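Structure, as structure tokens:
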Amino acid sequence: MQRIKIALTKGRTEEQVVPLLEQAGINCEGIRHKGRRLIFDEDPRYEIILVKGPDVLTYLNNGSVQIGIVGSDILSEQENFQYAMLDLDVGKCRFVLASTKDFNPQVHRRKIIATKYPNITKRYFQGIGEDVEIIKIEGSVELAPLIGLADAIVDIVETGNTLKENNLQIFAKLQQVNTKVVVNRLALRQYQPQIKELIANLQTTNQQVVQKKSTKE
Ligand code: PRP
């Protein structure tokens with residue numbers, strides 16, 4: 001039987017999803033000790049590749065992988081909502097509008113907003129009927145209002161530590177983010193039993209994790 005190829009977002013998503021995959025009985029030994037390796041085939045049923053979030057959909061749309069594991073922030077930014085099969089209880093965070101404490105959201109001049117997510121930012125400000133200038137930044141967005149590049153930022157907050165340690169405040173809460181398992185439509189037809197089995201397995205494991213968390217709380 002052919003292996004199912006899974007593109008997993010490297011970094012935080014990888015760190016949070018690997019324990020879930022292991023709990024679902026998928027061998028992730030290679031990823032645990034990965035070094036600079038990018039392809040993992042320790043489990044005979046799957047081939048897992050580690051890629052950057054935006055590239056997950058490139059591999060998926062192209063049919064090079066059958067399954068992607070990616071944050072809803074990426075799906076929302078790329079305006080691609082069609083493939084989501086399963087919501088995982090990991091990678092939960094939220095988009096916020098943040099800045100230094102002297103920022104005035106009511107000020108009438110055209111604001112400059114720095115972000116890694118220009119489409120999400122554009123949709124948010126359009127939604128509140130405000131025209132802003134958006135500057136795309138690749139990382140460490142928190143610097144922008146501190147260094148005078150922008151009036152405020154739209155970015156993701158998970159623990160809130162980055163904002164706190166850089167003396168930034170939240171001025172508005174935007175959409176929530178979580179991790180999603182997405183499937184290529186054609187692959188779903190071609191590999192239906194294998195993909196359905198994997199999704200069902202991840203769904204059960206995810207529910208167990210949610211239940212465990214709620215009994216702890
Ligand atoms: C994300 C996000 C914030 C930070 C928030 O950045 O853009 O900077 O995490 O997390 P926290 O609320 O838990 O502090 P990431 O770590 O992905 O790195 P980057 O800034 O290089 O994009």
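The values are calculated or read from the model by the stated rules, or taken from the named source; none is laboratory data. Just so it is clear, the model here is predicted, and its values are computed rather than measured. Positions of Cβ are backbone-derived with ideal geometry, glycine not excepted, and every protein chain shown enters the neighbour counts. These area figures cover heavy atoms from the full protein model, side chains too; ligands, DNA and RNA do not enter into them. Shrake-Rupley method; radii C 1.70, N 1.55, O 1.52, S 1.80 Å.
Sort out which residues of region 75-113 are over 20 Å from residue 188 (Cβ atoms) and of a type in the set (A, V, I, L, M), and write them in order of number.
Answer for region 75-113, where residues must be over 20 Å from residue 188 (Cβ atoms) and of a type in the set (A, V, I, L, M): 90, 96, 97, 98, 107, 112, 113.
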Restricting to region 94-112, and then to whatever is open to solvent by less than 20 Å² (accessible area, probe 1.4 Å) and not small (Gly, Ala, Ser), can you tell me which residue is farthest from residue 172 (Cα to Cα)?
111
Do we have any residue at all in region 164-173 that's away from the ligand (no atom under 14 Å from the Cβ), over 21 Å from residue 52 (Cα atoms) and surrounded by fewer than 18 Cβ atoms within 10 Å (Cβ to Cβ)?
yes
State all residues of region 12-25 that are touching a residue at least 40 places away in the same chain (Cβ under 8 Å), surrounded by fewer than 21 Cβ atoms within 10 Å (Cβ to Cβ) and within 18 Å of residue 178 (Cβ to Cβ); if no residue qualifies, say none.
12, 16, 20, 23, 24
For region 3-14, state whether one or more residues are at pLDDT 95 or above and under 17 Å from residue 175 (Cβ atoms).
no
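With the condition being within 26 Å of residue 102 (Cβ to Cβ), I'd like the helices (runs of 4 or more DSSP H) fully within region 126-217 carrying at least 2 qualifying residues.
Output list reads 143-147, 161-165.
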Would you pick out the residues in region 134-163 that are charged (D, E, K, R) and open to solvent by 80 Å² or more (accessible area, probe 1.4 Å)?
136, 138
Take the residues in region 26-49 that are loosely packed, with under 14 Cβ neighbours inside 10 Å and within 27 Å of residue 210 (Cβ to Cβ), then tell me which one is nearest to the chain's Cα centre (by Cα).
32
Do any residues in region 112-140 that are more than 15 Å from residue 73 (Cβ to Cβ) and assigned by TED's automatic domain parsing to the domain that holds residue 152 have Cβ atoms under 7 Å from those of residues that are surrounded by 17 or more Cβ atoms within 10 Å (Cβ to Cβ) and polar (S, T, N, Q), where the two are at least six apart or on different chains, and which pairs are they?
113/121; 134/115; 134/121
Looking at region 62-102, which of its residues are out of contact with any Phe, Trp or Tyr (no Cβ under 7 Å at 6 or more places or on another chain) and in a loop (DSSP other than H, G, I, E, B)?
63, 64, 78, 79, 80, 81, 82, 83, 100, 101, 102
